[in-house]
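Since every read-out is calculated from the coordinates, none of them should be taken as a lab result. Predicted model, so just to flag it, every value in this text is computed and none were measured. Virtual Cβ from ideal backbone geometry, glycine too; neighbours counted across all protein chains shown.
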Amino acid sequence: MISSSHKWDLDAFVSDVDALIYGLGYESRCLEVARRTEARLHYAIKMPSLDLHSYGENLKEADIRAHSIVDDFDAFLRRVLPDFFQTQGQKNVRIGVDISSINRAMLFRLMSVLAMHCRQEDVVQIFYTPAAFDEPDWRFPQIESLGPISPEFSGFSADPEKPLCLILGLGFEPGVSMGIISQLEPSASFCFWGNGSDERFEDAVKKANFDFSFTGFNTLTRPYDLFDPIGTYTSLESLSYGLIRDFNVILVPMGPKIFAFLSFLVGMAHPGSLAIWRAAQLRAQPFDARAGESVIQVTLDARTLSLAARQRHSLLAG
């Protein structure tokens with residue numbers, strides 16, 4: 001589903017699209033791509049209101065730049081985004097999505113609607129700005145909820161009688177991955193962790209996940225290169241394809257947002273055959289994410305994405 005990818009230095013990054021969609025929230029990095037993108041329309045999706053870190057400044061800057069601030073996400077998905085494609089007529093469009101500061105649940109809903117409405121000759125580009133390293137909060141967060149990220153990604157046609165296999169994306173939230181494995185007790189677990197950005201992130205991920213020692217459970221760890229989304233998608237998709245015949249597969253994409261996006265593509269490639277879950281965590285105060293030094297750009301094959309969306313829609317319809 002990916003046509004190409006490219007790593008930019010943040011200072012050298014420029015983009016030109018018809019419309020850019022990005023998440024407007026409290027993270028310091030949330031406008032980095034928007035500042036460097038020429039677009040006829042900028043849609044700033046307002047995240048659930050948390051008035052901390054850079055939230056007020058980001059909101060003010062988006063307003064000054066005359067970006068279209070989206071307060072009603074449901075209405076945007078139901079009316080605004082479909083209308084955008086419809087009003088283009090036969091013209092092929094370039095649409096960009098900066099996933100850096102969009103939460104996972106909203107990201108999956110947004111990409112699902114975009115996949116249904118994009119045309120085969122359109123250009124769909126995904127942007128992601130990895131965060132700069134800040135020392136993590138080493139206090140153990142509480143897992144507030146654990147379950148399907150949406151009904152469409154619930155593994156609705158999977159066989160619940162098959163043994164459970166878990167695919168985890170690891171972050172540096174202390175103890176969360178171990179808590180999920182302990183709660184679900186899978187027959188096997190594959191744990192993906194990202195490298196290539198900053199060795200301090202790698203050390204933090206190892207520390208938060210007990211140096212990948214999940215005693216008492218059948219687990220394998222797999223590193224992936226944060227700046228090689230094609231290689232990571234290929235690895236994740238081929239593993240999933242090999243497992244769904246014999247296992248009930250649940251994918252929990254924690255860690256970098258780019259891994260969550262690639263998990264979305266895997267879910268689109270195997271509609272109904274595997275579940276994608278979200279682990280919502282409760283912290284006293286969410287941490288900020290400052291922009292690092294790079295931007296990852298992923299160009300999607302709109303034809304494959306559109307066909308996959310329609311196939312999934314047909315399965316859901318019955």
Inset, instruction - Step through the residues of region 175-188 one at a time and calculate ³J(HN,Hα) from phi using the Karplus curve (6.51 cos²θ - 1.76 cosθ + 1.60, θ = phi - 60°), rounding each to whole Hz and writing x for Gly and Pro. - result: x, 5, 4, 5, x, 5, 4, 5, 6, 8, 6, x, 5, 8
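Counting pairs on different chains as well as pairs 8 or more places apart, how many Lys pairs in the chain have Cα atoms under 21 Å apart? Don't jump to the answer; show the numbers that get you there.
Numbers: Lys7/Lys257; Lys46/Lys60; Lys46/Lys257; Lys206/Lys257; Lys207/Lys257.
Counting lysine pairs in the chain gives 5.
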Legend entry - For region 57-212, alpha-carbon Rg relative to the globular expectation (2.2 N^0.38 Å, N residues): 1.31
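Full-extension gain between Phe210 and Phe73, please, as 0.36 nm times their residue separation minus the C-alpha to C-alpha distance. Could the numbers behind the result be given before it?
Values: separation 137, 0.36 × 137 = 49.32 nm, distance 3.82 nm.
Extending this stretch completely gives an extra 45.5 nm.
Taking every pair of alpha-carbon atoms in region 162-221, give the share separated by more than 17 Å as a whole percent.
Considering region 162-221, 33 percent of its Cα-Cα pairs are separated by more than 17 Å.
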Legend entry - region 142-282 pair-distance distribution - Cα-Cα, 5 Å bins, rounded %: 2, 10, 22, 24, 22, 14, 5, 1, 0
Inset, instruction - Report the net charge of residues surrounding Ser28, where surrounding means a beta-carbon distance below 13 angstrom and charges are Lys +1, Arg +1, Asp -1, Glu -1. - result: -3
Legend entry - For the chain, calculated [θ]222 nm from helices alone, where every DSSP H run of n ≥ 4 adds -39500 (n - 2.57): -9000 deg cm²/dmol
Inset, instruction - Give the order of Val80, Val249 when sorted by the count of other beta carbons within 10 angstrom, beginning with the fewest. - result: Val80, Val249
Inset, instruction - Determine one quarter of the surface area of the Cα convex hull of region 1-112, which equals its mean projected area, and express it in nm² to one decimal. - result: 7.7
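Over all distinct Cα pairs, what is the inverse of the mean 1/r for the chain, reported as the Kirkwood hydrodynamic radius in Å?
20.0
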Inset, instruction - Using every pair of alpha-carbon atoms in region 1-67, split the distances into 10 Å bins beginning at 0 and state the percent of pairs per bin, rounded to integers. - result: 19, 47, 28, 5
Legend entry - Mean separation of Cα contacts under 8 Å (6+ apart) over length of region 142-282, as relative contact order %: 41
Inset, instruction - Using only the alpha-carbon atoms of region 105-185, report the extent along each of the three principal axes, biggest first, to the nearest angstrom. - result: 46, 43, 19
